[in-house]
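Reading through the structure tokens given below for one structure.
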Amino acid sequence: MEGTDPVNKKLAAALSGGAVLAGALSGCSSGDKGPDPKLIAWAKTVCDAVPAQDAKIKAANEAISTTASDTTSSAATIQKTDSQAFQDMSDGYKALAAAISSAGAPPGVDDGAKRQQNVVTTLNSLSASYADLKKKVDALDTKNQAKFASGLQDVASQTTQLEAQSKSGTAALNALEQGEVKDAIAEQASCKKVSSAPSSGASAPASSASSTAG
């Protein structure tokens, strides 16, 4: 669709530039001493929830990117694709937040509860932001090309906020992944799977958000 094509591509480029926050949960062992067994159990609870949500969020980004690269996509197709992608991203981050919340604070970690809560808060915030973008996309007028393109531009402009949230989320995860927590996560096959999987994006969930706006 000619009028929306530039905006759609701009959105896709913005979103696909960042990786999924879930990908940040992939530490490398920092020492020879094995972590506390209780911490290993905690890491397993968290990591086992990551692959499915990581795949969901990446697939949503790819859907937006694919639609953006197709110049023949109609306004209705763009709306439907972006709406579903934003919903999937919202669900994915919400599920990750729930998994980390239910796991509780990492055992034996200084300020563990505070660090854990910071991650949960950031992921829930990202989920809410994507849900808001879905509502905005759903409300766009697909029968008026000019209005649709303008509305899509407004949605794209919100990716700046998502990038900031994404960076905050990555920082919160990095703060949580210190010392033995990083070692415990590094031992989890589910987190290793995510870290070794090829990614089309960079390293911030926010970008994925941007691409969605596509």
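The values are calculated or read from the model by the stated rules, or taken from the named source; none is laboratory data. These figures come from a predicted structure and were not determined experimentally. Positions of Cβ are generated from backbone atoms using ideal geometry, with glycine treated the same way; all protein chains shown enter the neighbour counts. Side chains are part of the model used for accessible areas, which takes the heavy atoms of the whole protein and leaves out ligands, DNA and RNA. Shrake-Rupley method; radii C 1.70, N 1.55, O 1.52, S 1.80 Å.
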How many nm is it between the label spots at residue 71 and residue 189, if each spot is 7 Å from the Cα in line with the beta carbon?
4.8 nm
Rounded if a/c under 1.5, otherwise prolate or oblate - the stretch 97-196, Cα gyration tensor axes:
prolate
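First compute the accessible area of the stretch 61-171 with a 1.4 Å probe, then give the percent of it belonging to carbon and sulfur atoms.
Carbon with sulfur: 48 percent of the solvent-accessible area.
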Tell me the per residue accessible area of the stretch 130-179 using a 1.4 Å probe; a whole number in Å² is fine.
50 Å²
Everything considered on the Cα gyration tensor (a ≥ b ≥ c; rounded for a/c under 1.5, else prolate if a/b is larger than b/c, else oblate), the stretch 69-121 must be described as prolate
Would you mind getting the accessible area per residue of the stretch 39-86, heavy atoms of the protein chains only, 1.4 Å probe, in Å²?
40 Å²
In the stretch 82-157, what is the count of Lys pairs whose alpha carbons are under 28 Å apart, counting only pairs at least 8 residues apart or on separate chains?
9
Compute, for residue 96, the solvent-accessible surface of its heavy atoms (probe 1.4 Å) with the complete set of protein chains present, and express it in square angstrom to the nearest 10.
10 Å²
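So, R0 is 22 Å and r is the distance between the beta-carbons of residue 52 and residue 175; what FRET efficiency does that work out to, to 0.05?
Given R0 = 22 Å and the Cβ-Cβ separation, E is 0.35.
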Distance (nanometres) between label positions extended 7 Å along Cα→Cβ at residue 38 and residue 110:
1.8 nm
